[in-house]
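Engineer: Sharing a structure with you now.
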Amino acid sequence: MDERVLYQFPISHYCEKTRWQLTCKGLAFTASNLLPGPHRLRSQWMARINTLPILRDGERVVGDSTKIAYYLEKYYPSLPLLPTEAEARGKVIELEQQFDRYGVHVRRWLYGQVIDRPEVMQAMLDPYGLPAPVQKVLTPVTREGVRRLYRIQPRPVMRSEQRVEEALTLLENTLAKGNGRYLVGERLSLADITAASLLAPLLTPAGTPWDIFDENTLSPALRRQLQSLRERPAGQWVLDRYREDR
Ligand SMILES: N[C@@H](CCC(=O)N[C@@H](CS)C(=O)NCC(=O)O)C(=O)O
């Protein structure tokens, strides 16, 4: 039971946050992909929660990306992602909480734009290698489940667009106060990993699970919006973190 297993959805940005932290700390792990929907039987049984990621580390099981983050810092303190100095540590903890909450709005806004595109359900279901007829049946069921679960409806999506804007502004204001590279201090911290991974689906860094569209096929309005995200400082920063620190 010494194995370290991350129960995840490849496409989940919260799971990406944990993958990034594990990699950064040099902790080997096996990813176990659970099928969206039935995953709840497993997640409830393991950690009494509905969401992934869940980490099994030998005998210990921890669910929720934030709890996993603190668990890893506690049990694997080398290559730390939390500063020891009190003020910097407090700032990292605060930013982690803020960007973690914004992750919900990134997800809702983006699904609001693309949930009906076939690439989305393909990206969600392809990793499981299901027989084609099974995937065909599950595709609309999963899409409607996602729509209901994350409230992908016009008004909530509109409100989430404002919250995404707030997240980008927070990122830009925080960067303007520091060295422009990392959110707190001179090195990568849990704040950077949280902000970059939870905003990444908007920027679709190359090679990530969200890099799934031929952008020429998106509506001109959405293309313009994604392009302007990429050009602004917050977008550039996320892409830089992926290039340099992921
Ligand atoms: N606060 C949780 C949020 C995780 C989360 O929202 N996970 C989503 C995937 S992005 C999930 O598992 N959804 C499935 C469900 O709610 O049934 C964390 O940080 O781990």
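Engineer: With every protein chain left in place and a probe of 1.4 Å, what is the accessible surface of residue 54, to the nearest 10 Å²?
Structural biologist: The accessible area comes out at roughly 0 Å².
Engineer: With a 10 Å radius around each residue's Cβ, average the other Cβ atoms per peptide and rank 194-201, 132-139, highest first.
Structural biologist: Going by the mean number of other Cβ atoms within 10 Å, highest first, we get 194-201, 132-139.
Engineer: Can you tell me which aspartates and glutamates have their Cα less than 18 Å from the Cα of residue 136? Leave out same-chain residues fewer than eight positions away.
Structural biologist: 116, 119, 126, 144
Engineer: Pick out the long, greasy-scoring helices in the chain: whole DSSP H runs spanning 24 Å or more along their own axis by Cα, mean Kyte-Doolittle at least -0.5.
Structural biologist: Correct list, ordered by number: 132-149.
Engineer: Might you work out the accessible area of residue 212 for me, using a 1.4 Å probe with all protein chains in place, and round it to the nearest 10 Å²?
Structural biologist: Using a 1.4 Å probe on the heavy atoms, I get roughly 50 Å².
Engineer: So what's the gap between the Cα centers of the range 43-75 and the range 120-192, to the nearest angstrom?
Structural biologist: Using only Cα atoms to place each centre, the spacing works out to 20 Å.
Engineer: Moving on. Only loop residues by DSSP count here, and only those with at most 16 other Cβ atoms within 10 Å; note down the GluC sites (Glu not before Pro) in the range 145-246 that meet that.
Structural biologist: Counting only loop positions with at most 16 other Cβ atoms within 10 Å, the GluC sites (Glu not before Pro) in the range 145-246 are 186.
Engineer: Taking the DSSP beta bridges in the range 4-75 as the whole, what percent of them are antiparallel, to the nearest 5?
Structural biologist: Antiparallel: roughly 65 percent of the beta bridges in the range 4-75.
Engineer: At 1.4 Å probe size, what's the solvent-accessible area of residue 4? Round to the nearest 10 Å².
Structural biologist: 40 Å²
Engineer: Run the numbers on the range 135-246 and let me know its relative contact order in percent, using alpha-carbon pairs under 8 Å that are six or more apart.
Structural biologist: In percent, rounded to a whole number, it is 21.
Engineer: Extension gain residue 27-residue 206, at 0.36 nm per residue separation less the Cα-Cα distance, in nm?
Structural biologist: 62.1 nm
Engineer: What accessible area per residue, rounded to a whole number of Å², is obtained for the chain using a probe radius of 1.4 Å?
Structural biologist: 50 Å²
Engineer: Would you work out the relative contact order for the chain, in percent, from Cα pairs under 8 angstrom that are 6 or more residues apart?
Structural biologist: 22 percent
Engineer: Once a ≥ b ≥ c are taken as the square roots of the eigenvalues of the Cα gyration tensor of the chain, is the result rounded (a/c under 1.5), prolate (a/b larger than b/c) or oblate (a/b not larger than b/c)?
Structural biologist: Oblate, because a/c is 1.5 or more while a/b does not exceed b/c.
Engineer: Of all accessible surface on the chain at a 1.4 Å probe, what whole percent is carbon and sulfur?
Structural biologist: 54 percent
Engineer: Report, by chain and number, residues whose modeled amide H sits under 5 Å from the one on residue 31, excluding near sequence neighbours (fewer than 5 apart, same chain).
Structural biologist: 6
Engineer: Aspartates and glutamates near residue 91 by alpha-carbon distance under 13 Å, same-chain residues fewer than 8 away left out - which ones?
Structural biologist: 192
Engineer: Just to be sure I understand: of the beta bridges DSSP finds with both ends in the chain, what percent are antiparallel, rounded to 5?
Structural biologist: Bridges in the chain that DSSP calls antiparallel: roughly 65 percent.
The values are calculated or read from the model by the stated rules, or taken from the named source; none is laboratory data. Everything numeric in this text was worked out from a predicted model, so none of it was measured. Glycine gets a Cβ as well: all are built from the backbone with ideal geometry, and neighbour counts include every protein chain shown. Please note that ligands, DNA and RNA were not included when accessible areas were found on the heavy atoms of the full protein model with its side chains. Shrake-Rupley method; radii C 1.70, N 1.55, O 1.52, S 1.80 Å.
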